[in-house]
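Some notes on the structure that comes next.
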Amino acid sequence: MKLPKELLNNLIEITSNSAIACYPYIGKNEKILADKAATDSMRNQLNKLNINGKVVIGEGELDEAPMLFIGEKLGNGNGPEIDIAVDPVEGTNFVAKNLPGSMSVLAVAEKGNLLNAPETYMNKIVTGNHIPKESIDLDFTVEKNINIYSEITNKKKSEITVCILDRPRHKKIISELERLKVNIKFITDGDVSGALLVSDKKFGVDIFMGIGGGPEGVIVAAALNTLNCNFQGRFLFKTTEDRNRAIKMGIKDLNKKYEINEIVKGESIFCATGITDCDLMKGIIKKNDKFITETIVTHDKNVLQIVKNEVSIA
C-alpha cells in the first residue's frame with residue numbers, strides 16, 4: 001500500500017497550523033500552554049483526515065491528556081491504517097523564552113512500519129548519505145569514528161564538526177572530541193533538529209552523536225531514512241519499570257543496536273514547521289493579515305524540501 005498522495009499536503013498544513021497555534025506564547029514563559037495549544041490543533045486536524053491512524057510515538061500515556069498519547073486513535077477511520085509519530089512542540093523551552101530551535105513535528109508510515117519506542121533514552125550516531133553504510137558505528141570509540149570519517153571524506157579532524165547535546169552525561173565524549181581538535185556544535189535541546197543537520201552539507205554538521213530521547217530517535221529516523229542517511233541507536237534503560245515497559249511494547253532484545261531500516265520500514269513522510277528560527281528553517285513570521293511558515297519535508301528519496309505556507313489570520 002502506498003501512502004495517499006494528498007496526505008503529504010495534509011501533514012504540511014497540520015504542522016504549519018500547529019506551529020501557528022504556539023505563536024501567542026512565544027517569549028511568554030508559558031511552555032505548558034504553548035504545548036497544549038499545538039497539541040490541541042494537531043489532534044483536531046488529524047481527526048479530520050481520511051485515515052485510520054494510531055499514535056506509536058507520542059508525548060504521554062492515556063491518563064496524561066491533553067497530550068497526544070501512545071495508542072491514541074486518530075482520523076475518521078475511513079482510510080488506510082497509519083502509524084503516527086508526533087512532537088507538537090520540540091523545544092518548549094525555546095518557545096517560552098523566544099530562543100531559536102523550536103518546531104512542530106509529525107511523521108507517518110504504514111501500520112507496523114514505525115518502531116514503538118518506549119519513553120526512555122537512546123544512544124545515537126548519525127551521518128549523512130555521503131558516508132557508506134556501516135562505516136561509522138555506535139560501538140566504535142569516538143576516536144575510531146572520527147578517524148574513519150576523516151579518511152572517507154579526506155577532511156582533517158580540525159575540519160570535522162560534531163553536533164551534541166550540551167549535557168553532563170556527555171562529558172567524556174566532549175573531552176575526547178576536544179582532545180582530537182574536532183569542532184563541536186552544542187545544542188541545549190531538540191535532538192531531532194540536531195540530528196537532521198547532517199542531512200545537507202550546507203548546515204555544516206558532519207556527525208551527530210550522544211544520548212537523547214528514544215521517541216525522538218524514531219521520529220528523526222523517519223526523516224533520515226527517506227534521505228538515505230545513516231542512523232544507529234540503542235535504547236538505554238535506567239529502571240526495571242523502563243525495561244518492563246519496553247518488553248510490553250514488543251522489544252525483545254533490550255541491548256539491541258538498531259539500524260535505520262529496523263526503526264522505520266518502507267515509505268514514510270516527515271514534516272517539521274519552524275516555530276522560532278532554526279538552523280533548518282525560519283520560524284513563524286506575522287505579516288499584515290497573514291502568518292508565513294516554513295516546513296521541511298522528506299518524502300521522496302534524497303530530497304529535503306522547504307515548503308512555505310501563508311495562512312490568513314482568522
Discussion item. Only one of Gly274, Gly283, Gly190 is buried (at least 23 other Cβ atoms within 10 Å of the Cβ), in contact with a Gly (Cβ under 9 Å, 6 or more places away or on another chain) and not assigned by TED's automatic domain parsing to the domain that holds Tyr23. Can you tell me which?
Written reply: Gly190
Worksheet, complete the sentence: Selection over segment 105-145 where residues are buried (at least 16 other Cβ atoms within 10 Å of the Cβ), among the small types (Gly, Ala, Ser) and under 28 Å from Gly250 (Cβ atoms) yields a count of 3
Discussion item. Whether any residue in segment 116-123 is touching a Gly at 6+ places or on another chain (Cβ under 6 Å), part of a strand (DSSP E or B) and over 30 Å from Lys144 (Cα atoms) is what I want to check.
Written reply: no
Worksheet item: Yes or no: Pro100 assigned to a loop (DSSP other than H, G, I, E, B) and within 17 Å of Ile284 (Cα to Cα)?
Response: yes
Worksheet item: How many of the residues in segment 274-314 are under 23 Å from Gly194 (Cα atoms) and in a loop (DSSP other than H, G, I, E, B)?
Response: 15
Worksheet item: Quick one: which helices (runs of 4 or more DSSP H) sit completely within segment 181-268 and have at least 3 residues that are among the small types (Gly, Ala, Ser)?
Response: 191-196, 214-226
Item to complete: Among the residues of segment 1-53, write down those that are within 20 Å of the chain's Cα centre (by Cα), over 26 Å from Lys265 (Cα atoms) and among the acidic types (Asp, Glu).
Response: Asp35, Asp40
Worksheet, complete the sentence: From the option list Leu138, Leu115, single residue qualifying as more than 22 Å from His170 (Cβ to Cβ), in contact (Cβ under 8 Å) with a residue 12 or more places away in the chain and of a type in the set (A, V, I, L, M) is Leu115
Worksheet item: When both residues are 6+ apart or on different chains and their Cβ atoms are under 8 Å apart, which pairs have a first residue that lies in segment 9-32 and is over 17 Å from Lys286 (Cα atoms), and a second that is surrounded by fewer than 19 Cβ atoms within 10 Å (Cβ to Cβ) and among the aliphatic types (A, V, I, L, M)?
Response: Ile12/Val307
Discussion item. As an exercise: evaluate Asn76 against (1) touching a strand residue (DSSP E or B) at 6+ places or on another chain (Cβ under 7 Å); (2) farther than 21 Å from Ile296 by Cβ; (3) not basic (Lys, Arg) and give the number of the one condition it does not meet.
Written reply: (1)
Response to the item:
The condition of being closer than 28 Å to Pro118 by Cα and surrounded by 14 or more Cβ atoms within 10 Å (Cβ to Cβ) holds, among Lys252, Lys265, only for Lys265
Response to the item:
Taking segment 129-172 and keeping only residues that are in contact with a Leu (Cβ under 8 Å, 6 or more places away or on another chain), at pLDDT 95 or above and closer than 30 Å to Val86 by Cα, one is left with Val162, Cys163, Ile164
Worksheet item: Which one is farthest from Lys202 (Cα to Cα), of the residues in segment 148-178 that are in contact (Cβ under 8 Å) with a residue 24 or more places away in the chain and either outside the structural domain of His130 (by TED's automatic domain parsing) or polar (S, T, N, Q) (or both)?
Response: Ser158
Discussion item. I need the full set of residues from segment 270-312 which are without any contact (Cβ under 8 Å) to a residue 24 or more places away in the chain and charged (D, E, K, R), in order please.
Written reply: Lys282, Lys287, Lys290, Glu294, Lys308, Glu310
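The values are calculated or read from the model by the stated rules, or taken from the named source; none is laboratory data. Bear in mind the structure is a predicted one, so any value in this text is a computation, not a measurement. Reconstructed Cβ throughout: ideal geometry from the backbone, glycine too, with neighbour counts over all protein chains shown.
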